[in-house]
Structure formats: C-alpha cells, structure tokens
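Novice: Here it is: the structure, laid out below.
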Amino acid sequence: MRNLSEARVLIISSLETTKGITAPDGWTTDPKIMDVAYYWGQANTRGNEAAQDRGLADPVPLMRLHPDQGGNQYLFTSGGKFYLWDLISWDVTMVVSPTSQDDVVKALGNIFTPAGAADLKTELVPVTAQSD
C-alpha cells in the first residue's frame, strides 16, 4: 500500500506534469529532467515550500527551464493561476498575462527568440508565511 506522499509523486510524475503541454525550446516537461519527486513530491520539498510560503495550495509543476538553459525556473499552477518559481532567488511570480496555459507556454518559449518574452507579464508574490 502506498502512502499519500508516494501517491502524490506518482500522480504528478505520470499525469499532471505533462498534461496537454508541448514544451517549447529551452523547456522540458520530462518528469525525470524536472526532478519532480525531489522538488514537488512531498509537502516539505522545495517547490511545495516555496508555494506554501506564499499561501498557494496544491501546486502542480507543469514544466521546467531545461538544465541546458540554466534549469532555475519552474512553471507551476495553483488555484487556476500560473506561477514561475526561481530556484536560485526563491522568488515566485504570478503570471498576470497571458492567462491561458497555451499562451503562457508560448510566451515562455519566446524567451529564447529575438522577440523575447514581451507578452509575459508577471507580478511578484510576497511571502506570507515561512514553512517549518
């Protein structure tokens, strides 16, 4: 019998992480490359703590900046909104615009083009509580 944490890892790893997303160049949805179990698999893992520190419940990682591109950014969702988490600065920003998953993914893919991510508007999410 699997415990809740193991079940969460399985669900995130096999279903939610890559659901409906074709990662643009420079990003990945591969759960192994994203290191989903390490960053998001349990309540006390880094990705979950970063979200919890900002009052965000049940974060689901969607894609990660590929390690070849630095690998320090995750796109995740919580409460129907999209967020970027910077592993180095620990900052979490909410994607204000665009608002659809397809358009957010497209905007993030444009980071590596001459147009850049001009269509991506974000807002810093302040820390509201510290995880234990």
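Novice: Search region 27-38 for residues that are surrounded by 20 or more Cβ atoms within 10 Å (Cβ to Cβ) and modelled with pLDDT of 90 or more and pair each with any residue that is in a strand (DSSP E or B) and among the polar types (S, T, N, Q) when their beta-carbon atoms are under 7 Å apart and the residues are at least 6 apart or on different chains.
Specialist: If the second residue must be in a strand (DSSP E or B) and among the polar types (S, T, N, Q), the pairs left are Met34/Thr28.
Novice: While we're looking at this one, here's another question. As an exercise: evaluate Gly47 against (1) out of contact with any helix residue (DSSP H, G or I) (no Cβ under 8 Å at 6 or more places or on another chain); (2) at pLDDT 90 or above; (3) assigned to a helix (DSSP H, G or I) and give the number of the one condition it does not meet.
Specialist: (1)
Novice: Report yes if some residue within region 71-83 is of a type in the set (Lys, Arg), modelled with pLDDT of 95 or more and not in a helix (DSSP H, G or I); otherwise report no.
Specialist: Taking every residue of region 71-83 in turn, at least one turns out to be of a type in the set (Lys, Arg), modelled with pLDDT of 95 or more and not in a helix (DSSP H, G or I).
Novice: For residues that are under 19 Å from Trp27 (Cβ atoms), part of a loop (DSSP other than H, G, I, E, B) and not charged (D, E, K, R), tally how many sit in region 113-127.
Specialist: Residues in region 113-127 being under 19 Å from Trp27 (Cβ atoms), part of a loop (DSSP other than H, G, I, E, B) and not charged (D, E, K, R): 7 in total.
Novice: Looking only at region 50-61, count how many residues are in a loop (DSSP other than H, G, I, E, B), surrounded by 17 or more Cβ atoms within 10 Å (Cβ to Cβ) and either touching a helix residue (DSSP H, G or I) at 6+ places or on another chain (Cβ under 8 Å) or among the aromatic types (Phe, Trp, Tyr) (or both).
Specialist: Within region 50-61, residues that are in a loop (DSSP other than H, G, I, E, B), surrounded by 17 or more Cβ atoms within 10 Å (Cβ to Cβ) and either touching a helix residue (DSSP H, G or I) at 6+ places or on another chain (Cβ under 8 Å) or among the aromatic types (Phe, Trp, Tyr) (or both) number 1.
The values are calculated or read from the model by the stated rules, or taken from the named source; none is laboratory data. As the structure is a computational prediction, the values presented were derived from the model and not from experiment. Because the Cβ atoms are built from the backbone with ideal geometry, glycine has one as well, and the counts that use them run over all protein chains shown.
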